[in-house]
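Notes follow once the structure below has been shown.
Computed from the coordinates by the stated procedures, all read-outs in this text should not be read as laboratory data. Computed from a predicted model, the values in this text were never measured in an experiment. A quick note on method: Cβ atoms are made from the backbone with ideal geometry, for glycine too, and the neighbour counts reach across all protein chains shown.
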Amino acid sequence: MENSKFNYVTMPSIDSTNNYAKFFIERNLSIDKPLILTSKRQTDGKGRYGKKFFSPEGGLYMSYLFEITSEEDLDYINYITPITALLVKRAVEKFTKEEISIKWVNDIYSNGKKVGGILTEFEQTNIGTSYVIIGIGLNCNISERDLPLPDELKDEIGFLHIYDLDGLRDEIANALYEVFPFKENFDHKIYLDEYRENCTTLGKKIAVEYRSGTTQRGIASDIDDDFRLIIKDEDSNELTPLSSVEASITTLDKID
């Protein structure tokens, strides 16, 4: 159901809903309230670090676009992805009995397999207006014609049996609206404990690849108050905070 809090754009097929959101930004089109873009399929879905996101018809593919309205809000940018992951987890669990968890920082898991992901992008126009695009992809009801999966995804990707995609979209959109654009009383710390409880990366062996090209192995031991993952180095036992911006991780243990 359409909601006056949002503007909606729905397409049968698009390369990427995040890319289409940039169309509005690049042309300085008026975005007077959050914009929700959805597509039945994506031909070039993308994840973090340029990875592809398999997006056949049957899944939920949406982007949530909003304007940053104050300089102070720029300090909160790195909190958007983990908070969104938690809000998506809550929303999905209203539509399924399956237990949903989070792999740090942005992946949604069920039964040991990835069922969704989040890509947050920050954009600024040539007139200085700042926007955030939150892209969300969830594997729901993939039809037989879209299988088999690409070989590299067969053992990693799972599917949610959720048929009310419009309802799920609205549940996620309304949850995001309660937080973004950032409200005056925004406090990221109220989400920390729940995020930690539902992040199954904690306690796992991980391999870290830094943007500098260096690598590290250790145990994911904690999540600090800025949602950074704390790794305990396997050789030195030194504790290092990881930002999702500066490093990517591979989980060496199976995610629950």
In the chain, with Lys and Arg counted as +1 and Asp and Glu as -1 at Cβ, which of these residues, T69, N198, I157, has the Cα nearest the positive end of the dipole, that is, farthest along it?
-> I157
Which peptide among 156-163, 106-113, 120-127, 232-239 comes first, and what is the full order, when sorted by highest mean count of other Cβ atoms within 10 Å?
-> 106-113, 156-163, 120-127, 232-239
FRET efficiency for S13 and A207, using Cβ-Cβ distance with R0 set to 41 Å, rounded to 0.05 = 0.70
Report the percentage of all Cα-Cα pairs in the chain whose separation exceeds 34 Å, rounded to a whole percent.
-> 15
Might you report the magnitude of the Cβ-based charge dipole of the chain about its Cα centre, with Lys and Arg at +1 and Asp and Glu at -1, to the nearest 20 debye?
-> 680
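What FRET efficiency comes out for the pair N141/K22, r = Cβ-Cβ distance, R0 = 22 Å, nearest 0.05? List each step's numbers first, then the result.
On the way: r = 28 Å, r/R0 = 1.27.
The value I calculate is 0.20.
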Let me have the 222 nm mean residue ellipticity of the chain computed from DSSP H runs of 4+ only, each contributing -39500 (n - 2.57), with the sum over all residues rounded to the nearest 500.
-> -5000 deg cm²/dmol
Cα extents of the range 151-218 along the principal axes, largest first, in whole Å, come to 39, 36, 25
Quick P(r) readout (the range 205-253; Cα-Cα; 5 Å bins; whole %) gives 5, 24, 35, 27, 9, 0
Candidates A85, A175, A21, ranked by Gaussian network fluctuation over the chain, Cα under 10 Å, top entry = A175
Distance (nanometres) between label positions extended 7 Å along Cα→Cβ at I77 and E178 = 2.7
Where does each of L192, L87 land when they are ranked from fewest to most other beta-carbon atoms within 10 angstrom?
-> L192, L87
Per the rule of 0.36 nm per residue minus the C-alpha distance, extending F122 to E246 adds in nm 43.1 nm
In debye to the nearest 20, how big a dipole does the range 159-256 give about its Cα centre with +1 on each Lys and Arg Cβ and -1 on each Asp and Glu Cβ?
-> 380
Taking only C-alpha pairs under 8 Å that are 6+ residues apart, what is the relative contact order of the chain in percent?
-> 16
With springs only between Cα atoms under 10 Å apart, run a GNM on the chain and tell me which of S130, S13, S212 wobbles the most.
-> S212
Backbone HN-Hα couplings from phi across the range 192-207 [Karplus 6.51/-1.76/1.60, Hz, Gly and Pro as x] = 5, 4, 5, 4, 4, 4, 9, 8, 7, 5, 4, x, 8, 6, 9, 10
